[in-house]
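I have placed the structure first, in the form of structure tokens, so that the comments after it can refer back to it.
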């Protein structure tokens, strides 16, 4: 199989790998492959890096079958053939995520969204497989739009300024997670189908298109009509150096009590 990318795409890929030092000699990298447009492009891009990057590393690929649809394994046969053409060893593992979500939603105290439950079980399965295969890194296909949407979701839903990082160290497993597509826009990944030629496998997720992330994606698109530079500003705001002047951290209960008594002219709070 002949694999190639236009220079603009390859430059974005190299920028991420070099800036964040993602790949080293001897790396065994497990690719998370769902069969969607993002992970298929990740596999294609990593196969190109294996040829062009002056590093000696090996690739492996894994699909987690969440067991949402009975015909999903048949769909993944196309993925297996594509991985074979890229000369990337490929495997699938069944994880009953559908059952876990159903069980979680039946609990009266259920506080986790289906997306949280799915991500939790997927990550666990990926980590276990990576360790069993002797891999030291896991590559996911998160792109720049994902990072910006996560940043805004964190602000809206948890009141924190955070997103996923291009390289993340998992101290419990001694694994590194890398995201080589972190400088690609989603539309560029859609356009890349013309280069690798693989038609993505439809998502088996019953919640696809009906998530908080989808709402944020649509919100950004609407706001961009009024604020053309909105997306660029959100991308800049994700950087540590973008932090401007903010309110001080909230005082805890003891600090508030001590400050109160000082304001009331007393030396200290009465003892309990």
- Task: Please give the helix 37-52 orientation as an angle from the longest Cα principal axis of the chain, in degrees from 0 to 90, rounded to the nearest 10.
- Result: 70
- Note on the structure: Inter-part gap, Cα centre of the stretch 34-73 to Cα centre of the stretch 124-159, in whole angstrom, is 14
- Shape parameters for the stretch 133-272, alpha-carbon atoms, Rg then Dmax in Å: 22.2, 75
- Query: Hey, fewest Cβ within 10 Å first, where do 97, 3 land in order?
  - Reply: 3, 97
- Query: If you line up the long axis of helix 253-263 against the longest principal axis of the chain, both from Cα atoms, how many degrees apart are they, to the nearest 10?
  - Reply: 30
- Using the Cα atoms of the stretch 206-272 to build a convex hull, what is its mean projected area in square nanometres? 10.0
- Could you please state, rounded to a whole Å, how far the C-alpha centre of the stretch 233-267 is from the C-alpha centre of the stretch 176-199? 40
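Please grab the % of Cα pairs in the stretch 185-226 that end up more than 16 Å from each other.
Numbers: 497 of 861 pairs.
The share of Cα pairs beyond 16 Å in the stretch 185-226 comes to 58 percent.
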- Query: Given a Förster distance of 30 angstrom, what is the FRET efficiency for residue 195 paired with residue 237, based on the Cβ-Cβ distance and rounded to 0.05?
  - Reply: 0.45
- Item | log₁₀ of I(q)/I(0) at q = 0.13, 0.15, 0.16 Å⁻¹ - the chain, Debye sum with one point per alpha carbon | -0.95, -1.23, -1.37
- Item | Between helix 212-226 and the chain: long-axis angle, C-alpha atoms, 0 to 90°, nearest 10 | 80
- Query: When you take every Cα atom in the stretch 2-44, what is the radius of gyration, and what is Dmax, the widest Cα pair distance, in Å?
  - Reply: 11.8, 29
- Per residue Cα convex hull volume for the stretch 56-110, in cubic angstrom? 78
- Message: Once the cut-off is 21 Å, how many percent of the Cα-Cα pairs in the stretch 65-218 end up in the long-distance tail?
- Response: 57
- Query: Where both partners of a DSSP beta bridge lie in the stretch 7-242, what percent of those bridges are antiparallel, to the nearest 5?
  - Reply: 20
- Starting from 0 in steps of 10 Å, tell me what percent of the Cα-Cα pairs of the stretch 19-110 lands in each bin. 14, 39, 25, 15, 5, 0
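Bear in mind that the values in this text are calculations on the coordinates, not laboratory data. Keep in mind that this is a model prediction, so the values were computed, not measured. No Cβ is skipped: glycine too gets one built from the backbone with ideal geometry, and neighbour counts run over all protein chains shown.
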